[in-house]
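Please treat every number below as a calculation from the coordinates, not as lab data. This one's a predicted model, so the numbers in the text were calculated from it and none came from an experiment. Here Cβ is always computed from backbone atoms with ideal geometry, including for glycine, and neighbour counts include all displayed protein chains.
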Amino acid sequence: MKEKGVLTVLSGFSGTGKGTVVKELLRRYDRYALSVSATTRAPREGEVHGREYYFLTAGEFEKMIGEGAFYEYARYVDHYYGTPRTFVEEQLDQGKDVILEIEIQGALEIKRQSPDCLLIFLIPPSAGELKERLAGRGTEDQDVIMARLRRAVDEAEGVEAYDYILENNDLQECVEGLHGLIQSAHSRAKARLGQVKSIQEELKAMVKGD
Ligand code: 5GP
């Protein structure tokens, strides 16, 4: 039987570089699949429907909620964000390690439904660095930046529920750190019990009739 993939939720303060880290991880290793979320916020410049997000109207989003099509969904700074369920399940069944790049409410909901998932929280080297990165991106107006900084304060409150905290100072180091954490989850005893049992069965057959 094919080993199932590991489900990883990556969160972190807005502006910590989650997107860049995940993009680099996917570029380096083909064992990963990134879940594309749906959102009701407007696309930023350069964002493409179906690549960064599925950009939906509130009506479309609510219809999907009604159909149970989301693994989880949350409201964040006045918009809906949600993870379509089917893609995640299919990819895990095919043995891909699936990454969800979502905020804390969604992460906790995923952990509730799938206790074996990994929750990883990405942090910047400092608060000042985070503000600079947010302002430097130049895609948000001041009000949105302040709303995100305020929200960041709340996000840190739930961080003890996460399995790992990873600092994004050097991109390459951070990507390798993330890869290492996810790959070690494949060796967790729980994930490998089936393999142990099958070796045990073979051993039993070998010694039978001794
Ligand atoms: P942004 O608008 O900057 O792309 O995303 C805002 C926040 O929403 C980020 O913290 C991002 O991780 C989170 N987010 C993106 N997709 C989802 C999702 O499907 N579910 C939840 N709960 N959060 C999401």
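Quick notes
- Three-way shape call for segment 59-148 based on the alpha-carbon gyration tensor, with the a/c threshold at 1.5: oblate
- For segment 22-28, Karplus couplings with θ = phi - 60° (6.51, -1.76, 1.60), whole Hz, Gly/Pro x: 5, 4, 5, 4, 5, 5, 7
- DSSP beta bridges in the chain [antiparallel fraction, %, rounded to 5]: 30
- Taken over the alpha carbons of segment 41-98 as equal point scatterers, the Debye sum produces base-10 log I(q)/I(0) values at 0.13, 0.20, 0.25, 0.26 Å⁻¹ of -0.39, -0.85, -1.11, -1.14.
- Quarter of the Cα convex hull surface for the chain, i.e. its orientation-mean projected area (nm²): 14.1
- Near Arg85, once Lys and Arg are set to +1 and Asp and Glu to -1 for all other residues with Cβ below 11 Å from its Cβ, the sum equals -4.
- Segment 96-113 - phi-based ³J(HN,Hα) in whole Hz, Karplus 6.51/-1.76/1.60, Gly and Pro as x: 7, 7, 9, 10, 10, 9, 9, 7, 5, 4, x, 4, 5, 5, 5, 4, 5, 7
- Karplus-derived 3J(HN,Hα) values for segment 196-210, using 6.51 cos²θ - 1.76 cosθ + 1.60 with θ = phi - 60°, are 4, 4, 5, 5, 4, 5, 4, 4, 4, 4, 5, 8, 5, x, 4 Hz; glycine and proline are entered as x.
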